[in-house]
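To start, the structure under review is shown below, and the notes come after it.
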Amino acid sequence: MVTEIITIGSELLRGLVRNTNIDLISGLLAEAGLKPTYHTTVGDEAEFIAEAFRTAVHRAETVITTGGLGPTSDDITRKVIATVFRRRLILDREALDGIRARFKDRGLEMPPINEAQALIPRGANVIANSRGTAPGLHFTHVKTECFALPGVPSEAEEMLRGYVIPFLKRRNPGLVSAIRVVRTIGVSESALAERLQGFEREEPELKLGTIARASGVDLHLSASSVDAMWLQGVLDRGERKLIGRAGASVYALGSGTLSEAVGEALLQHGLTIATAESFTGGSVGAALVATAGSSRYYRGGVIAYSNESKEKLLGVSAETLRRFGAVSAEVAREMARGARERLGAACSVSTTGIAGPDGGTAEKPVGLAYIGYSTPEGDLSERYAFGGSRADIVTRASFFALDLVRRSLRAGVSWSEPSSRS
């Protein structure tokens with residue numbers, strides 16, 4: 001079945017907003033045994049939106065659009081649908097009451113401009129929106145099922161899960177599709193490709209893909225079948241092979257995060273952790289607390305950007321800073337030790353580096369980073385050379401700091417939580 005996704009919004013074409021709806025829709029379509037054949041992104045111009053619709057319904061059996069259902073002048077998807085498919089816009093009183101109720105729940109009066117969101121193309125079904133004010137639309141053109149959803153990802157996701165995907169599953173009974181994800185860090189995409197040579201010959205029923213991210217490389221396995229048990233078995237086998245070949249670089253399966261993996265390891269060992277950050281500015285701590293339940297193991301963190309704060313807050317030696325500089329293995333180790341001792345944690349991790357774009361030298365270029373790790377048994381540090389923009393370097397350093405903790409705990413723990421805490 002040919003499926004097309006159309007994402008509408010000039011902000012997407014200009015790169016002002018990341019187009020997360022494509023990833024969202026593509027992933028959920030797999031649950032209905034479908035995969036997108038075409039992705040189209042178009043700006044907020046009626047002429048081009050109309051052209052995208054005409055092209056899509058000519059070549060696809062399912063069309064899903066996001067965007068252009070808001071109340072402002074550039075939200076014109078409803079009008080374009082009415083024009084292209086000759087469906088007069090009709091005020092839907094039930095939809096209008098729902099929009100008014102949404103504002104009332106927030107203690108607000110609905111502005112008159114929002115009434116336009118209740119204009120529904122004749123014959124279209126309204127898809128309820130419990131998270132926002134823009135109803136979704138579903139209509140059939142000849143043999144093509146068309147779904148128009150809001151551009152807000154959380155609203156689009158609710159409609160996809162609650163209406164679109166169940167509808168497509170009923171339309172395409174029997175076929176089951178599934179995806180498995182194996183998440184890795186510390187191994188390049190090319191190095192993983194070498195480890196996985198021959199995999200697709202061994203498992204011809206499975207399709208293998210890779211996605212490189214700041215957090216590492218995700219390996220995707222996908223397959224479809226009318227036999228759900230067979231499908232689960234072949235995916236289980238393929239997943240085991242990927243884990244075996246990727247080795248210790250695997251940190252999670254599915255949508256699991258590195259922060260969750262670190263948290264689980266800390267809880268398993270009954271340990272707590274502290275953070276000391278310089279150029280990452282709290283990103284490591286933020287990643288840790290993004291995981292629910294992190295209060296059980298995260299003691300806290302210190303952001304020590306200047307040399308003075310490194311000395312006063314973490315006890316880094318002025319002599320160490322003078323001899324080796326703030327971006328050094330020695331300072332990373334002392335930062336980690338200072339955070340562990342001052343915050344009463346069983347272990348700690350630290351970051352110091354040069355995020356750029358300025359500040360680099362021939363000896364210490366932009367992207368250089370040292371990550372420290374401290375336990376009662378001693379301190380260590382690792383050197384990294386990251387590429388990319390300032391934001392890329394900070395993000396990668398934060399992920400690799402978490403991974404140093406993960407690998408260290410995975411190697412074994414022979415110490416225990418401090419008996420007394422300050």
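The values are calculated or read from the model by the stated rules, or taken from the named source; none is laboratory data. Bear in mind the structure is a predicted one, so any value in this text is a computation, not a measurement. Glycine also receives a Cβ, built like all others from the backbone with ideal geometry; neighbour counts cover every protein chain displayed. When the accessible area is computed, the model is the full protein with side chains, heavy atoms only, and any ligands, DNA or RNA have been set aside. Shrake-Rupley method; radii C 1.70, N 1.55, O 1.52, S 1.80 Å.
Once the Cα atoms of helix 390-410 and of the chain are each reduced to a long axis, what angle between those two axes, in degrees from 0 to 90 to the nearest 10, is obtained?
With rounding to tens, the tilt is 60 degrees.
Report the residues of the range 1-38 in range of a label on Ala228: point 7 Å along Cα→C-beta, backbone N strictly under 12 Å from it.
none
Measure off 7 Å from each Cα along the Cα-to-Cβ vector at Ser306 and Val142, then give the distance between these two points in nanometres to one decimal.
7.0
For the range 124-179 and the range 1-36, what is the centre-to-centre distance using only Cα atoms, to the nearest Å?
The two parts, judged by their Cα centres, are 13 Å apart.
If I model a spin label as a point 7 Å beyond the Cα along the Cα-Cβ vector, how far apart are those points for Ala286 and Leu267 in nm?
2.4
Taking θ as phi - 60°, what are the ³J(HN,Hα) couplings along the range 306-317 by the Karplus curve (6.51, -1.76, 1.60), each to the nearest whole Hz, with x for Gly and Pro?
8, 4, 4, 5, 5, 5, 6, 8, 10, x, 5, 5
Between Trp415 and Glu109, what is 0.36 nm times their sequence separation minus the Cα-Cα distance? Round to one decimal in nm.
Answer, rounded to one decimal: 104.1 nm.
Heavy-atom accessible area of Ile243 with all protein chains present, probe 1.4 Å, nearest 10 Å²?
About 60 Å², rounded to the nearest 10.
Show me, for the range 201-214, the HN-Hα J-couplings you get by feeding each phi into the Karplus relation (A = 6.51, B = -1.76, C = 1.60, θ = phi - 60°), rounded to Hz, glycine and proline as x.
Values, residue by residue: 6, 6, 10, x, 6, 9, 9, 10, x, 10, 10, 8, 10, 4 Hz.
Using the alpha-carbon atoms, what tilt in degrees (0 to 90, nearest 10) does helix 228-246 show relative to the longest principal axis of the chain?
Relative to the chain, helix 228-246 is tipped by roughly 30 degrees.
Give me the angle, in degrees from 0 to 90, between the Cα long axis of helix 329-343 and the longest principal axis of the Cα atoms of the chain, rounded to the nearest 10.
80
Considering only lysines 8 or more places apart in sequence, or on different chains, count the pairs in the chain whose C-alpha atoms sit under 25 Å apart.
10
Please list the non-local residues whose amide H lies under 5 Å from the amide H of Ala346, H modeled 1.01 Å from N, same-chain partners needing a gap of 5 or more.
Thr272, Ile273
Of (1) 78, 57, 45; (2) 71, 43, 37; (3) 58, 56, 41, which one was derived for Cα extents along the principal axes in Å from the structure shown?
Entry (1).
How many angstrom lie between the Cα centre of the range 217-253 and the Cα centre of the range 379-418?
A separation of 27 Å, based on Cα centres.
Take every DSSP beta bridge whose two residues both sit in the chain, then give the antiparallel share in percent to the nearest 5.
Approximately 65 percent, going by the DSSP bridge assignments.
Collect residues whose amide H, placed 1.01 Å from N in the peptide plane, falls under 5 Å from the amide H of Gly360; neighbours closer than 5 in sequence don't count.
Val366
Efficiency by 1/(1 + (r/R0)^6): what FRET value for Glu202 and Ser73, r their Cβ-Cβ distance, R0 = 60 Å, to the nearest 0.05?
Efficiency for this residue pair is about 0.60.
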